[in-house]
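Structure first, commentary second.
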Amino acid sequence: MIIYGVMVLGLCMFVGTSIGLTLGIMLGIPGDIGGVGFSMLLLVFLTPVLKKKGWLPKASEDGIMFWNAMYIPVVIAMAATQNVAAALSGGWIAIIAGILSVVVCFALIRPLAAMAGAATSTFGDEA
Amino acid sequence: MNSAFLTSLIGDRPLIFAFVVVGVLTWLCYAFSKNITKGRIHGSAVAIIIGLALAYIGGATTGGKKGIADIPMFAGFALMGGAMLRDFCIVSTAYGVKLEELKKAGLAGVLSLVIGTALAFVVGVAVAYAFGYRDTASLTTIGAGAVTFIVGPVTGTAIGASSTVIALSVAAGVVKSIAVMIMTPFLAKPFGLTNPAAAMVYGGLMGTTSGTAAGLAATDARLVPYGALTATFYTGFGCLVCPSIGFIIMKAIFG
């Protein structure tokens with residue numbers, strides 16, 4: 001059943017976000033410290049186990065893959081609801097600080113990626 | 001068709017209407033990408049830029065903060081593109097992530113998180129200083145805004161910055177997020193953003209979940225889970241260090 005895959009996804013999100021919120025409370029910061037990241041890690045570790053046991057058949061997997069495929073449309077909707085007008089009316093200080101911080105960090109991708117093993121890194125699905 | 005009819009047709013089904021509009025928009029943008037740009041600019045990159053343009057129109061015509069969603073007919077965009085569904089979809093992209101890749105890039109991912117946050121903060125402070133800001137609270141808040149548009153106001157509120165400065169820090173963060181969305185697909189290849197390890201480093205360096213999410217989606221959807229995983233820790237890390245360590249260091253320098 002498709003709903004089982006969606007349920008697994010939702011459970012991962014609730015457990016992960018609980019960890020993020022608990023961390024936030026412990027550190028005295030309002031909000032969630034990387035809850036989505038913990039949810040993702042949980043899904044990475046949990047689904048291979050479920051698959052091995054045969055508890056995640058194709059239909060359940062489709063419940064996860066549907067949201068995976070909806071990701072780009074959701075991102076497009078998200079882009080359309082950003083506060084773009086305010087960003088541009090913030091004046092040059094906002095525009096320069098925003099763009100400069102991106103440009104500077106881009107320059108560091110190559111050296112740090114080399115350290116992270118980019119030379120041997122693959123998606124595993126190339127021919 | 002009178003407006004009462006449209007209101008009950010669309011106003012009562014805002015999310016479904018958003019699905020339809022985004023579907024049409026995506027179709028048009030992918031056709032534009034394929035036929036006009038000959039595939040040089042990815043369809044999702046075109047769609048995200050058009051989305052941002054719509055957000056500008058929505059904000060400029062209504063004076064609201066939610067882009068196109070401030071126009072009542074398009075209110076469903078806020079639901080579809082809101083944090084709940086975005087995060088749910090981001091979590092789902094982790095399905096199929098290879099564990100060895102996470103292990104390989106793990107340490108460099110953490111390191112890029114620290115470097116990315118510190119660098120964005122320093123750039124923000126430097127720009128604020130160049131524009132004539134001299135008080136520690138304002139400099140720290142604008143620096144934190146260059147980290148993300150959430151870290152800026154969290155920091156500003158914690159250290160008592162003025163609301164104008166807090167607004168400026170939010171604007172800097174939003175510009176950063178938009179710059180990441182637009183620049184990533186164009187800069188990805190020349191800067192080596194072509195594999196999972198590089199994506200994890202990139203997510204840690206850039207942060208801004210919405211920016212990296214859109215930027216990677218428009219570059220290569222397979223990069224998304226790796227970049228999103230590190231980026232998702234960025235805002236939390238920034239909220240942790242900017243009002244504390246960041247502020248203390250700034251106080252030592254500027255008094």
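The values are calculated or read from the model by the stated rules, or taken from the named source; none is laboratory data. If you're wondering where the values come from, they're calculated on a predicted model, not measured in any experiment. Note that each Cβ is placed from the backbone with ideal geometry, even for glycine, and that neighbours are counted across all protein chains shown. When the accessible area is computed, the model is the full protein with side chains, heavy atoms only, and any ligands, DNA or RNA have been set aside. Shrake-Rupley method; radii C 1.70, N 1.55, O 1.52, S 1.80 Å.
A few comments on the model shown:
- In range of the label at B:Ile249: residues from region B:131-152 whose backbone nitrogen is under 17 Å from the point 7 Å along Cα→Cβ: B:136-148, B:151-152
- Residues of the protein assembly as shown: accessible area per residue with a 1.4 Å probe, Å²: 43 Å²
- Unit charges on C-beta of K, R, D, E only; dipole of the protein assembly as shown, Debye: 400 debye
- Accessible carbon and sulfur surface of chain A relative to its total accessible area, %, 1.4 Å: 75 percent
- Going from the chain on its own to the full set of protein chains, region B:24-61 has these residues losing 40 Å² or more of accessible surface (heavy atoms, 1.4 Å probe, no ligands, DNA or RNA): B:Tyr56.
- Distance between modelled label sites at B:Ala31 and A:Leu50, nm, 7 Å Cα→Cβ extension: 3.8 nm
- Taking the accessible area of chain B, probe 1.4 Å, and keeping the other protein chains in place, the carbon and sulfur fraction comes to 72%.
- Chains A and B together bury roughly 7600 Å² of accessible area, counting both sides, with a 1.4 Å probe on protein heavy atoms only.
- Axial C-alpha extent at least 20 Å, average Kyte-Doolittle at least -1.0 - helices from chain A (DSSP): A:2-27, A:35-52, A:92-106
- Contact-buried residues of region B:172-210, at a threshold of 50 Å² lost accessible area versus the chain by itself: B:Val175, B:Met183, B:Phe191, B:Leu205, B:Met206 (1.4 Å probe; DNA, RNA and ligands ignored).
- Relative contact order (%) - criterion: Cα under 8 Å, at least six apart; region: chain A: 22 percent
- With Cα atoms, 0 to 90° folded angle of helix B:136-147 axis to chain B main axis: 40 degrees
- Three-way shape label, chain B, alpha-carbon gyration tensor, a/c 1.5: oblate
- The calculated FRET efficiency for the pair B:Phe131 and A:Val103, based on their C-beta separation and a Förster distance of 25 Å, comes to about 0.90.
- Length released on extending from A:Met1 to A:Lys58, taking residue separation times 0.36 nm less the Cα-Cα span: 19.6 nm
- Principal-axis tilt of helix B:196-206 within chain B, Cα atoms, nearest 10 degrees: 70 degrees
- Angle in degrees between helix B:209-219 and the longest Cα principal axis of chain B, rounded to the nearest 10: 60 degrees
- Taking the charge dipole of chain B about its Cα centre, with +1 at Lys and Arg Cβ atoms and -1 at Asp and Glu Cβ atoms, the residue from B:Gly192, B:Cys89, B:Pro14 reaching farthest to the positive side is B:Gly192.
- Dividing the summed helix terms, -39500 (n - 2.57) for each DSSP H run of n ≥ 4, by the number of residues in the protein assembly as shown produces a 222 nm estimate of -24000 deg cm²/dmol to the nearest 500.
- Chain B, dipole about Cα centre (Lys/Arg Cβ +1, Asp/Glu Cβ -1), debye to the nearest 20: 400 debye
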